[in-house]
Amino acid sequence: MTPRILLIGRNGQVGTDLTSLLPRLGEVVALDRQQLDLRKLNDIRRTVQELQPQWIVNAAAYTAVDDAEKDAAAARVINAEAPAVLAEEAVKIGAALIHYSTDYVFDGLKKLPYEEADAPNPINVYGKTKLDGERAIHGSGAAHLIFRTEWVYSTHGRNFLLTILRLATQRPELRIVADQIGSPTSSREIAAATVEVLSQLMNREDGFLSLATIGGIYHMSAEGETSWYEFAKSILDEASRSTLDLPWVVAATSGMPLLTQGVIPITTEEYPTPARRPAYSVLSTAHLYKSFGIRVPSWRKQLQSMFTPNALRDRLAL
């Protein structure tokens, strides 16, 4: 029987890419915010009960980190209460839940990549609500996988890659934070890795029942690490080498030439934001590799592929 997959958050960065990839695994019902508002908990219950999916993939979240500081109630409903309800409903119908979390559940004081067993200690509202969502899912008894990822970007939506390209058409110089370290990760690679994990599970005789032993939290992010400053420089380097009129680049720059001649490193103190960010939030993906044999490509390779025509299409066609 073809499995039914409920995808929530189809218009988000990861959700957009999952929308194109998940159909290879089964019948996909992909809903956007207008079709399922995670602030309306009873709507979540009704939707899950009506659709009766075997798999629920929640790619929706309140991701405006700074806005969450002054709108904690909304962040909590979407990031903590809604996942709790999804997990409860998954238990009722015997479905498995796939959910995404964040590196911001950690405080950034560690100097080596964070492992799944490291104690979380979020330092902003966004991280706290995402951690509460993780704990609610784990405590529900639902069969589940939680993928923590970080510094997500794509060729659509709102993200660091597109912001840098836009700003580079407006300013001769960019000042970028250099003392926050992480692993920029393409939404398409997250989607591809997710589909690979689900494919492996669906091909097992015990299906999602195996999640009783291999379910839980996995870190899913790019190999390697860098700073926002180095990431910005690399974006502009790749853009300067690209002579092709890639549609997403044209959209990001409104067809304007890049004016930026230099990127200046600054400290976090020089760029204050409402929400504190962890200074170091690199995630170890050893557990993902050990369990599923999956290695997410390095952040630099992922970035290069963005500026290479058909590279991502060919990668995801594998």
Considering every pair of different Cα atoms, what Kirkwood radius, in Å, is found for region 167-318? 17.8 Å
Rounding to the nearest 20 debye, state how big the charge dipole of region 1-111 is about its Cα centre with +1 on each Lys and Arg Cβ and -1 on each Asp and Glu Cβ. 240 debye
Can you compute the charge dipole magnitude of region 68-198 about its Cα centre, using +1 on each Lys and Arg Cβ and -1 on each Asp and Glu Cβ, nothing else charged? Give it in debye, rounded to the nearest 20. 420 debye
To the nearest 500 deg cm²/dmol, what mean residue ellipticity at 222 nm is calculated for the chain from DSSP H runs of n ≥ 4 alone, each contributing -39,500 (n - 2.57), summed and divided by the residues? -11500 deg cm²/dmol
What does the charge dipole of the chain about its Cα centre add up to, to the nearest 20 debye, if the Cβ of each Lys and Arg holds +1 and the Cβ of each Asp and Glu holds -1? 320 debye
Over 28 Å between Cα atoms, which of LYS111/LYS301; LYS110/LYS290; LYS70/LYS233; LYS70/LYS301 qualify? LYS70/LYS233; LYS70/LYS301
With the convex hull built on the Cα atoms of region 5-57, state its orientation-averaged projected area in nm². 3.4 nm²
Write down the Kirkwood hydrodynamic radius of region 87-185, to one decimal in angstroms, obtained as one divided by the mean of 1/r over all alpha carbon pairs. 16.0 Å
If you line up the long axis of helix 82-93 against the longest principal axis of the chain, both from Cα atoms, how many degrees apart are they, to the nearest 10? 30 degrees
Please name which of VAL77, PRO23, LEU41 has its Cα lying farthest along the dipole of region 1-88 towards the positive end, using unit charges on Cβ (Lys, Arg +1; Asp, Glu -1) and the Cα centre as origin. PRO23
Which one, PRO265, PHE231, HIS219, projects farthest toward the positive side of the charge dipole computed for region 194-284 from Cβ point charges (K/R +1, D/E -1)? PRO265
Roughly how far apart, in whole Å, are the Cα centres of region 247-265 and region 276-290? 30 Å
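Values in this text are rule-based calculations from the coordinates and carry no lab data. Because the structure is predicted, anything quoted here is derived from the model rather than measured. Cβ coordinates were reconstructed from backbone atoms using ideal geometry, including for glycine residues, and neighbour counts include every protein chain displayed.
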